[in-house]
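To keep things clear, I will list the structure first and then write my remarks on it.
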Amino acid sequence: MNSKKTKQLFTGIGFISPNICGFLVFTLVPLVFSMILAFTNWDLKLHNMFKPENTIQFVGFANFVRLFKDEYFLMYFGNTLFFMMGIPFGIAGSLGAAMLLNNNFRGLNNRVWKMLIVSAILAASLAVLMAVGLKATALTILITTVGGLMLIGGAVGGSTVYRTLFFLPCFTSGVAIFLLWKKMYSPVGPINIALAEPLNNLSKTVNGIEPSTVQIGFWLLFALMLLILAWRFKVINHKWRDAEIDSMSVILPTLFTCIPAYFFSKVSPVESVKWVPLTIAVVLLIACIINWIIKKQDFDSTPWKGHGGMIVGALVFMVAQFICIGLALVIYNLPEMATNGLEAPQWLADYYWAKPAIMIMSLWAGIGSNNMLLYLAGLSNVPPELYEAADIDGASGFQRFSSITWPQLAPVTFFIFIMSIMGGLQGGFATARTMTQGGPAGSTTTLSYYIYTEGFNTGRLGYASAIGWGLFALVFSITIFNWKFGSKYVND
Amino acid sequence: MKYIFLGALLILVIASIFTKSLQPDAKSKVPVLYWSTDPNPARTTQIEVFQEWLKTTYSNEVNFVMKVDTVNSDNSKVVIQGVSGVGSDIIGHCGGPNMRFRQAVGILEPITQMAEKMGFGLDKTFKVLTPDLSIDGEQYAFPLNVTAPQLWVNVDVFKKLGMDAPPSRWSIEEFEKIGKKLVEKANTANVTPDKRVFLVSNLSPSILTRSKGVDEFNETLTACQADNPTYIEVLELIYKWTEIDRILPNESDRQAFSTEAGYGGQTYQMFSTGNYAMLSSGRYALIQLREFNDGKGMNLKVVEFPNGGFPNTTIGTRAAAVYKGGKNRDLAYYFMQYLASPEYNATIIADADALPPNPEAMKTEKFLRPKDHPNEWGCHEAFANAANNIAIPSAFSPFVLDNTVNLERTRAEGEFKAKRATSKEAAEKMQRRINSEIQIFLKENPQLMPEYEKRLEIQEKINQYKKDGKKIPTEWIYNPFYKKYYQEKGIIE
């Protein structure tokens with residue numbers, strides 16, 4: 001190597017050395033160290049610079065064995081998974097935002113007229129809200145003012161203004177956002193003030209109707225849930241027959257489809273129908289299996305073909321069924337709940353509302369996140385000639401989306417999905433620490449917050465590291481699963 | 001580019017050196033010591049008086065500067081900084097649990113010898129605080145102040161509603177009756193959450209359970225016994241008062257009061273505005289209460305917690321300890337000596353930062369009837385009486401750390417409040433979890449096993465004696481609550 005090259009090499013190393021040093025000191029070394037720790041009995045109370053007589057001992061897999069017996073680990077893992085149910089909504093929101101922001105709003109073109117129509121709808125909605133009880137409070141004025149400013153800003157500055165506004169939560173400090181939402185969720189905060197009168201009117205209305213009439217809503221949602229279930233089986237069957245999916249690709253999605261039916265059997269307020277969805281699911285499943293045994297696929301399919309798409313579809317349908325169940329339960333119990341008047345939720349102070357409250361906040365923050373930027377970049381890479389061809393063929397807006405946009409964005413979606421799953425499993429620490437301290441009754445404690453409390457409340461660093469590596473094993477397994485089947489979905 | 005890079009590096013180095021030069025230790029010609037403590041406004045005066053005291057007592061023989069560090073007083077920060085060798089010279093901690101955890105970690109310097117030599121031994125403070133300040137006969141801390149919480153009464157709230165303030169000593173039944181009457185009179189049907197009035201800010205289940213003759217630990221501190229009818233009954237009672245009678249605020253009610261300003265947070269503000277007719281706190285509440293009403297103070301009274309037959313309260317201390325890894329430990333002892341001095345006790349009396357470390361100081365006129373605060377006369381005496389007569393320290397089992405016990409207690413009570421468990425299930429879970437933590441702790445500290453086994457044998461004997469109705473020898477009882485309770489009931493020899 002000549003002196004010029006050597007000089008260039010050292011210059012290059014000099015440039016990257018701060019980053020490399022930072023990575024080594026703050027990431028790689030602690031990572032390796034924590035892995036070693038997970039197999040030791042290191043306890044701050046026993047092993048530190050003031051207790052040289054105690055030596056740290058290797059305990060093999062003892063910490064991991066304890067992990068599986070730890071009731072709190074399982075509970076907090078459940079919490080973490082619950083929070084992750086918000087990921088699909090966040091992704092959908094980011095995609096929606098990106099598609100909106102991919103348009104140019106500058107000047108008085110057609111789109112701006114559409115925006116003005118949307119703003120008129122917004123104003124009408126506010127009028128309706130005011131009519132049902134939302135007074136002309138500062139909140140109303142604030143919403144209208146902000147909405148108006150955004151529209152004017154968009155018309156003048158184009159989509160850049162909107163992109164900046166949407167991206168705002170991403171570069172605002174997390175703690176500031178959490179404190180803001182904590183105030184929003186206060187029992188006398190803007191959300192509950194806005195809900196108070198509409199809920200009051202709703203309870204008056206419900207109290208004026210026969211409970212059985214109100215509960216018709218329960219039966220309608222119950223029927224809708226059954227329809228979704230049946231339709232899902234129909235889709236699976238058709239896709240299998242058309243060889244869009246392989247036989248192996250049917251197993252897991254079918255199981256996912258049946259989970260809400262099983263859940264309904266546990267929570268149904270009407271004893272006589274509690275087993276109906278599960279029975280229908282089992283009957284449909286048996287019918288499908290018989291059909292698959294008797295008949296053959298119309299074409300040949302490759303092993304695991306269509307598996308990724310089926311899983312995504314199954315998750316979407318599963319969430320849809322859960323929404324039906326949730327709403328059905330609320331409507332069924334509405335007459336009883338309304339007897340003494342409906343009150344706005346206690347949000348962060350209520351065991352059952354704390355998780356959804358945090359999920360709503362995360363959804364708000366997630367829509368305008370890096371995911372939106374990734375989608376925006378992805379959208380700019382979609383070849384325009386595909387849309388031109390679709391226009392010539394007379395494709396509708398939905399067809400343009402389902403046949404061009406969505407498939408073209410599949411690699412981006414896959415990347416976002418993997419990153420969101422990883423982030424979701426590791427997340428929740430800052431939220432719990434700032435907003436709820438993990439409560440009420442541990443309902444918002446996630447695994448990352450549990451690692452902190454175990455490590456620093458009890459001093460058992462060995463065990464805390466084992467929880468950390470247990471979490472890593474989960475993240476790793478799910479990521480492998482995603483790569484295995486998700487990449488097929490992208491390629492399909 | 002490389003010159004920009006090198007320039008940036010150079011600027012960063014210079015900025016770092018400049019920042020370092022601004023640190024008090026770098027600028028000062030004498031050693032600078034740090035005291036990690038809570039952000040209590042009274043600390044400033046306490047430090048100023050200390051510097052004066054040091055000058056007066058030691059003229060120029062001993063010279064150093066003490067600085068208050070309020071950002072590193074969080075338990076995890078203290079422990080992590082401590083085991084990393086960079087802890088504050090004086091570590092302030094709140095109560096026995098913190099002291100015991102930090103002692104278990106090994107970051108506290110044993111001070112028995114120096115305390116004896118310099119006059120800040122255990123004999124200079126309340127005898128009942130021994131478990132909060134020492135372990136196995138070795139002293140590790142000395143009180144900054146002492147707290148025996150009572151109920152502060154905002155007399156005007158009762159007056160406004162045409163009611164008499166509660167009596168100094170009252171039963172659980174009286175408490176409930178007065179509470180129901182007050183909230184009924186004060187709150188209209190459509191009262192908004194931020195305007196609602198409650199009888200009292202909060203109540204400790206532990207004090208109520210003790211008032212019915214039961215503690216969560218057994219006599220020898222070898223096992224948790226939360227799964228008993230009394231504790232379960234108290235959990236149910238507090239739930240009823242919170243969610244049904246609405247005498248006490250729940251978490252949502254607290255969140256509805258959006259104010260958080262000032263020392264002590266929202267609770268004191270709510271007490272001053274009348275949202276809480278009573279406040280569960282120590283004498284230190286006066287630091288903030290004196291600020292209200294344009295500095296004129298409030299119309300106050302102090303009463304005991306309601307009792308189920310055995311009036312009691314806890315007693316605890318915010319104490320100071322010397323960091324074992326400190327470079328200036330020899331100087332830190334002077335600060336500990338100052339805490340036992342009349343000057344420091346006078347400071348505590350004047351600024352109302354709880355009770356002074358020395359019980360003798362509570363007999364002075366300045367303590368009992370402060371000239372500038374006639375509205376408080378009678379209140380100080382009530383706190384002194386509580387500390388001297390009915391206060392019992394917490395029961396610290398040597399076989400489990402108290403912060404672990406607190407964590408399990410919070411989890412179990414939280415599950416009950418959220419209706420995730422019945423009171424019986426919550427109590428049973430708390431007992432099971434704490435007893436399993438005791439076994440883990442013994443496994444980690446096998447040297448404690450002989451003592452544990454010895455106490456188990458004693459516990460069996462105690463159980464037999466209780467069954468037979470025989471008097472129990474005093475030396476068998478390790479739990480301070482049972483020692484006092486049995487003494488008053490004549491159950492021990």
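The values are calculated or read from the model by the stated rules, or taken from the named source; none is laboratory data. What you see is a predicted model, and the numbers here were worked out from it, not measured in a lab. Methodologically, a virtual Cβ is constructed for each residue, glycine included, from the backbone with ideal geometry; neighbour enumeration extends over all protein chains shown.
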Of (1) surrounded by 11 or more Cβ atoms within 10 Å (Cβ to Cβ); (2) over 15 Å from A:Ile251 (Cα atoms), A:Leu285 satisfies every one except (2)
Do the conditions hold for A:Asp246, that is, is it acidic (Asp, Glu), at pLDDT below 85 and surrounded by fewer than 16 Cβ atoms within 10 Å (Cβ to Cβ)? no
Residue in the range B:249-262 that is away from every other protein chain (no Cβ under 14 Å), within 21 Å of the chain's Cα centre (by Cα) and within 30 Å of B:Val400 (Cα to Cα) present: no
Of all residues in the range B:208-222, which are surrounded by 20 or more Cβ atoms within 10 Å (Cβ to Cβ) and either at positive phi or not polar (S, T, N, Q) (or both)? B:Leu208, B:Arg210, B:Val214, B:Asp215, B:Glu216, B:Phe217, B:Glu219, B:Leu221
Does the range B:322-376 hold any residues that are crowded, with 23+ Cβ neighbours inside 10 Å, under 23 Å from the mean Cα position of the chain (by Cα) and among the small types (Gly, Ala, Ser), and which are they? B:Ala352, B:Ala354
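Condition check ((1) in a helix (DSSP H, G or I); (2) without any contact (Cβ under 8 Å) to a residue 40 or more places away in the chain; (3) within 14 Å of chain A (Cβ to nearest Cβ); (4) under 24 Å from B:Ala285 (Cβ atoms)) across all residues:
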{"residue": "B:Lys301", "(1), (2), (3), (4)": "no, no, no, yes"}
{"residue": "B:Gly309", "(1), (2), (3), (4)": "no, no, no, no"}
{"residue": "B:Tyr333", "(1), (2), (3), (4)": "yes, no, no, no"}
{"residue": "B:Gln337", "(1), (2), (3), (4)": "yes, no, no, no"}
{"residue": "B:Ile349", "(1), (2), (3), (4)": "yes, yes, no, yes"}
Quick check on this structure: which one of A:Ile13, A:Ile87, A:Ile91, A:Ile36 is over 28 Å from A:Ala464 (Cβ atoms), away from chain B (no Cβ under 13 Å) and not acidic (Asp, Glu)? A:Ile91
Only one of B:Tyr231, B:Tyr268 that is part of a helix (DSSP H, G or I), of a type in the set (Ser, Thr, Tyr), crowded, with 18+ Cβ neighbours inside 10 Å and modelled with pLDDT of 90 or more: B:Tyr231
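Residue by residue, here is whether (1) outside the structural domain of A:Gly368 (by TED's automatic domain parsing); (2) farther than 30 Å from A:Asp350 by Cβ holds:
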{"site": "A:Gly174", "(1), (2)": "yes, no"}
{"site": "A:Leu220", "(1), (2)": "no, no"}
{"site": "A:Ile228", "(1), (2)": "no, no"}
{"site": "A:Phe233", "(1), (2)": "no, yes"}
{"site": "A:His238", "(1), (2)": "no, yes"}
{"site": "A:Ala243", "(1), (2)": "no, yes"}
{"site": "A:Asp246", "(1), (2)": "no, yes"}
{"site": "A:Leu252", "(1), (2)": "no, yes"}
Looking only at the range B:377-412, which residues are part of a helix (DSSP H, G or I), surrounded by 23 or more Cβ atoms within 10 Å (Cβ to Cβ) and within 14 Å of chain A (Cβ to nearest Cβ)? B:Val405, B:Ala412
Applying the selection to the range B:17-70, what residues are surrounded by 14 or more Cβ atoms within 10 Å (Cβ to Cβ) and small (Gly, Ala, Ser)? B:Ser36, B:Ala42
Name the residue that is nearest to the other protein chains (Cβ to nearest Cβ), counting only residues in the range A:456-467 that are crowded, with 22+ Cβ neighbours inside 10 Å and of a type outside the set (A, V, I, L, M). A:Gly459
Extreme residue, nearest to B:Val153 (Cα to Cα), among residues of the range B:352-402 that are of a type in the set (S, T, N, Q) and free of Cβ contacts under 8 Å to residues at least 24 places away in the same chain: B:Asn385
Give the number of residues within the range B:160-180 that are exposed (fewer than 14 other Cβ atoms within 10 Å of the Cβ) and without any contact (Cβ under 8 Å) to a residue 40 or more places away in the chain. 4
Quick test of your reading of the structure: B:Arg433 fulfils all but one of (1) surrounded by fewer than 19 Cβ atoms within 10 Å (Cβ to Cβ); (2) free of Cβ contacts under 8 Å to residues at least 40 places away in the same chain. Name the failing condition by number. (1)
Can A:Gly22 be described as on the phi > 0 side of the Ramachandran plot and either in a helix (DSSP H, G or I) or at pLDDT 90 or above (or both)? no
Return yes when B:Asp245 is in contact (Cβ under 8 Å) with a residue 60 or more places away in the chain, surrounded by fewer than 23 Cβ atoms within 10 Å (Cβ to Cβ) and within 14 Å of chain A (Cβ to nearest Cβ) and no when it is not. no
Look through B:Leu203, B:Leu144 and report the one residue that is hydrophobic (A, V, I, L, M, F, W, C), in a strand (DSSP E or B) and away from chain A (no Cβ under 14 Å). B:Leu144
Members of the range A:348-373 that are closer than 24 Å to A:Ala92 by Cα and within 11 Å of chain B (Cβ to nearest Cβ): A:Trp353, A:Ala354
Criterion (of a type outside the set (Lys, Arg), in contact with a strand residue (DSSP E or B) (Cβ under 8 Å, 6 or more places away or on another chain) and modelled with pLDDT of 85 or more) met by exactly one of A:Gly462, A:Gly468: A:Gly462
The range B:21-129: strands (runs of 3 or more DSSP E) wholly inside it with 2 or more residues that are in the same structural domain as B:Lys327 (by TED's automatic domain parsing) and either under 30 Å from B:Ala391 (Cα atoms) or touching a residue at least 60 places away in the same chain (Cβ under 8 Å) (or both) are B:32-36, B:90-94
Qualifying positions in the range B:472-490 - out of contact with any helix residue (DSSP H, G or I) (no Cβ under 8 Å at 6 or more places or on another chain) and either among the acidic types (Asp, Glu) or assigned to a loop (DSSP other than H, G, I, E, B) (or both): B:Pro473, B:Glu475, B:Asn479, B:Glu488, B:Gly490
Suppose the filter is under 18 Å from A:Phe77 (Cα atoms) and either touching a strand residue (DSSP E or B) at 6+ places or on another chain (Cβ under 6 Å) or in a helix (DSSP H, G or I) (or both); does A:Phe401 pass it? no
If we scan the range A:421-435, do we find a residue that is surrounded by fewer than 16 Cβ atoms within 10 Å (Cβ to Cβ), more than 14 Å from chain B (Cβ to nearest Cβ) and in contact with a Gly (Cβ under 9 Å, 6 or more places away or on another chain)? yes
Residues that are away from chain B (no Cβ under 14 Å) and modelled with pLDDT of 75 or more: does the range A:48-58 have at least one? yes
Looking at this structure, is B:Leu10 part of a helix (DSSP H, G or I), within 14 Å of chain A (Cβ to nearest Cβ) and surrounded by 11 or more Cβ atoms within 10 Å (Cβ to Cβ)? no
List pairs: first residue in the range B:450-466 and within 17 Å of B:Asn435 (Cα to Cα), second residue in a helix (DSSP H, G or I) anywhere in the structure, Cβ distance under 7 angstrom, at least six positions apart or on different chains. B:Tyr452/B:Leu442
Answer yes or no: is there a residue in the range A:448-468 that is over 23 Å from B:Val105 (Cβ atoms) and not in a helix (DSSP H, G or I). no
